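The values are calculated or read from the model by the stated rules, or taken from the named source; none is laboratory data. All values reported here derive from a predicted model rather than from experimental measurement. Note that we place each Cβ from the backbone using ideal geometry, even for glycine, and neighbour counts take in every protein chain shown. Just so you know, the surface numbers come from the protein's heavy atoms only, side chains and all, with ligands and any DNA or RNA stripped out. Shrake-Rupley method; radii C 1.70, N 1.55, O 1.52, S 1.80 Å.
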Amino acid sequence: MGNRTPLFSRHQDAGARLVDFGGWDMPIQYTSLIEEHNAVRTHAGVFDVSHMTIVDVSGPDAERWLRFMLANDVARLKISGQALYTGMLNEQGGVIDDLIVYRTEQGFRMVVNCATREKDLQWMQDHLEGFEVHLQERPELAILAVQGPAALTLTAQVLQTLGQPELAGAPASLKPFTATGSGDWFVARTGYTGEHGMEIMLPDQNAGQLWDALLQAGVKPIGLGARDTLRLEAGMNLYGHDMDESTSPLSANMAWTIAWEPADRQFIGRAAVEQHKQQLADGQLPIMKGLVMTERGVLREGLRLECVMADGSKLDGIITSGTFSPTLKHAIALARIPSGTQQCAADIRGKLIPVRMVKPGFVRHGKKVFD
Amino acid sequence: MSDFPDDLKYSATHEWVRVEEDGSVTVGISDHAQDLLGDIVFIELPEEGATVTAKDEMSVVESVKAASDIYAPLSGEVIAVNDDLNDAPETVNSDPYGEGWICRILPSNPAELEDLLDADTYAGMCE
């Protein structure tokens, strides 16, 4: 038996197929992955993401420490409630994890992946010397993500009826990538689907009530299967697939998450990613692209790509995430390919099928986004 | 609960076989298999006229989650394929034993039928 979230029995009641996910018994799907996917694109769905790890950072050096630990710069978060997406890098400029960090009244809150929890916590512990920082994991908090075009309205309604009137205005008033809190409730305009939505952190003992109220309001429970097709349509990275400790953020479409300025901020991995930047300029670093295949078939993680370079030579690339897009009704993928690739083809069971390269990101707010 | 009709034979690799009056067999994938695969989005059908060998790959079913090989339950010639699945692969999810059939094979060695499982044995294997 794996770890269980406070909603485990509700998942069973809702008919979920439960699978082991990074040591947690999590719902992969309730009815049909495509039905659940479409519910989020057209109405609203709720995901139990309580398996993710919340770490609160406080103490007089909290900001200084995070500016050292993270490639993005938390000094950009001017006021409480603002959030940013960032990589946490190792000295070689590989990605230890990707995470969201929020500025809070008490300091900062990080939400990191569940499969990397122990490694992340160890890495943080190992780098506390010289900083007056207090780290507190919050395993007693659950996280629900409500996503979809109707998510904001329905979340506001539900918060109102659950006696959280001070948070009920948040879905309407918060801008994307901002959050607000009340006691141990924390409501953020963040998500992982390319739709409007909220992520709600709250005490375990309240999670069931919120879940029930959302379902009552017509929000559909969504499993991790649809979460993956939704995030991939949105062109978002998945740790351990699209990047890991051996991947430069510059090869994982994460260049925008590196705060190069101020130039004197020494964050872990800075020297290495500055070298990567030069390699990228020289065409020596692989890049991440989106792939589109409208022919019949599905692109899958691990498929080899044959990439044709400007001089006609051929090099290999690889698909890091691939799926059938329920919204677009054809295959999409994220892939790591040699810089300078002119065209590429996927090796599907020995046949080379041409694929189109696009900027990562396929669907946003229910609509196709590439040309 | 998955459905295991009594009048069919099954392979351990989740294909079903129905013997037709003319001695040919209709082949599909079991209800249990379609349920495990989830939403089916693409099927690479065998070619009509192709010769297949029992237990060899003859087609591929792709769901959103995974690609899965379909094995020939019997040796013989493929005499018909269900072209409707090209446009509506999800029929395999909704009606695996009916409209979701995959192909018909004229067996070259009907004795191979003896190697297939009856419904109870197959159902037990799927538990």
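Calculate one ³J(HN,Hα) per residue across the stretch A:327-339 by plugging θ = phi - 60° into the Karplus curve 6.51 cos²θ - 1.76 cosθ + 1.60, and present them in order as whole Hz with x for glycine and proline.
Working through the residues one at a time gives 6, 8, 6, 8, 7, 9, 7, 10, 9, 9, 9, x, 4 Hz.
Rolling a 1.4 angstrom probe over the protein chains, ignoring ligands and nucleic acids, what is the accessible area of residue B:94 in square angstrom, nearest 10?
For residue B:94, solvent-accessible area is about 90 Å².
If you count only protein heavy atoms with a 1.4 Å probe, what accessible area per residue comes out for the protein assembly as shown, rounded to a whole Å²? Don't skip to the end; give the middle numbers.
On the way: 21330 Å² over 498 residues.
Here the residues of the protein assembly as shown average 43 Å² of exposed surface.
In the stretch A:186-342, what is the volume of the convex hull around the alpha carbon atoms, normalised per residue and reported in Å³?
Taking the convex hull of the Cα positions in the stretch A:186-342, it is 160 Å³ per residue.
Please work out the Cα center distance from the stretch A:339-371 to the stretch A:83-116, rounded to the nearest Å.
29
Calculate the length of the line joining the C-alpha centroid of the stretch A:148-218 to that of the stretch A:37-71, in whole Å.
That distance is 14 Å.
Using a cut-off of 13 Å between alpha-carbon atoms, which aspartates and glutamates can reach residue A:78, once sequence neighbours fewer than 8 places away in the same chain are excluded?
Within the straight-line limit of under 13 Å, residue A:78 reaches these aspartates and glutamates: A:63, A:105.
Put one equal scatterer on each alpha carbon of the protein assembly as shown, apply the Debye formula with no solvent term, and list log10 I(q)/I(0) at q = 0.13 1/Å to two decimals.
Debye curve over Cα of the protein assembly as shown, log10 I(q)/I(0) at q = 0.13 Å⁻¹: -1.25.
Enter the mean number of other protein chain beta carbons within 10 Å of the beta carbon of each residue in A:26-34, as an integer.
Working: counts 0, 0, 2, 4, 0, 0, 5, 5, 8.
Counting other chains' Cβ atoms within 10 Å and averaging over A:26-34 gives 3.
In the stretch A:228-281, which chymotrypsin sites (Phe, Trp or Tyr not before Pro) fall in coil by DSSP and have 16 or fewer other Cβ atoms within 10 Å?
Within the stretch A:228-281, the qualifying chymotrypsin sites (Phe, Trp or Tyr not before Pro) (loop, at most 16 other Cβ atoms within 10 Å) are A:260.
Just the number, please: percent antiparallel of the DSSP beta bridges in the protein assembly as shown, rounded to the nearest 5.
Antiparallel bridges make up about 95 percent of those DSSP assigns within the protein assembly as shown.
Roughly how many percent of the accessible protein surface of the stretch A:216-266 is carbon and sulfur, given a 1.4 Å probe and a whole-percent answer?
Working: 930 of 1850 Å².
Taking all protein chains in place, the stretch A:216-266 shows 50 percent carbon and sulfur surface.
Hand me the trypsin sites (Lys or Arg not before Pro) from the stretch A:258-333 located in a DSSP loop with no more than 12 other Cβ atoms within 10 Å, in residue order please.
A:329
Just how much of residue B:40 is accessible, in Å², when a 1.4 Å probe is used and the result is rounded to the nearest 10?
10
Can you compute the equivalent ellipsoid semi-axes for the stretch B:15-112, i.e. the square root of 5 times each eigenvalue of the Cα gyration tensor, sorted largest first and rounded to whole Å?
Those come to 22, 13, 12 Å.
Which links in A:329/A:359; A:329/B:65; A:220/A:359; B:9/B:65; A:314/A:351 stretch past 22 Å when you go from one Cα to the other?
On the way: A:329/A:359 18 Å; A:329/B:65 14 Å; A:220/A:359 31 Å; B:9/B:65 27 Å; A:314/A:351 16 Å.
The pairs that break the limit, which is 22 Å between Cα atoms, are A:220/A:359; B:9/B:65.
Which value, to two decimals, describes the C-alpha radius of gyration of the stretch A:18-59 once divided by 2.2 N^0.38 Å?
1.56
With every protein chain in place, what's the accessible area of residue A:349 (1.4 Å probe, Å², nearest 10)?
110
Quick one: which residues, 5 or more positions from residue A:223 or on another chain, have an amide H under 5 Å from its amide H? H modelled 1.01 Å from N in the peptide plane, none for Pro or chain starts.
A:30
Long-range amide H contacts for residue A:362: which residues qualify at under 5 Å (H placed 1.01 Å from N, peptide plane, sequence gap of 5 or more or a different chain)?
Correct list: A:234, A:235.
In the stretch B:65-114, which residues give up 30 Å² or more of accessible area once the other protein chains are added, compared with their chain alone (1.4 Å probe)?
In the stretch B:65-114, residues shielded by partner chains: B:65, B:86.
Return the long-range amide H neighbours of residue B:42 (sequence gap of 5 or more, or a different chain), with a cut-off of under 5 Å between placed amide H atoms.
Hits under the 5 Å cutoff: B:62.
Quick one: order A:37, B:14 from most to least accessible surface, probe 1.4 Å.
Values: A:37 0, B:14 50 Å².
Ranked from most to least accessible, the order is B:14, A:37.
Chains A and B: buried accessible surface, both sides, probe 1.4 Å, rounded to 100 Å²?
1300
Report, to the nearest whole %, how much of the accessible area of the stretch B:2-127 belongs to carbon and sulfur atoms, 1.4 Å probe, protein only.
On the stretch B:2-127, the fraction of accessible area on carbon and sulfur atoms equals 43 percent.
State the percentage of accessible surface on the stretch A:1-87 attributable to carbon and sulfur atoms; use a 1.4 Å probe and exclude ligands, DNA and RNA.
The computed percentage sits at 51.
Summing -39500 (n - 2.57) over the DSSP H runs of n ≥ 4 in chain A and dividing by its residue number, what mean residue ellipticity at 222 nm do you reach, to the nearest 500 deg cm²/dmol? Present the calculation step by step, with values, prior to reporting the outcome.
Values: 10 runs with 87 residues, N = 371.
Taking each H run of at least 4 residues, the total per residue is -6500 deg cm²/dmol.
How large is the Rg to Rh ratio of the stretch A:72-136 when both quantities use alpha carbon positions and Rh follows Kirkwood?
Looking at the stretch A:72-136, the ratio lands at 0.95.
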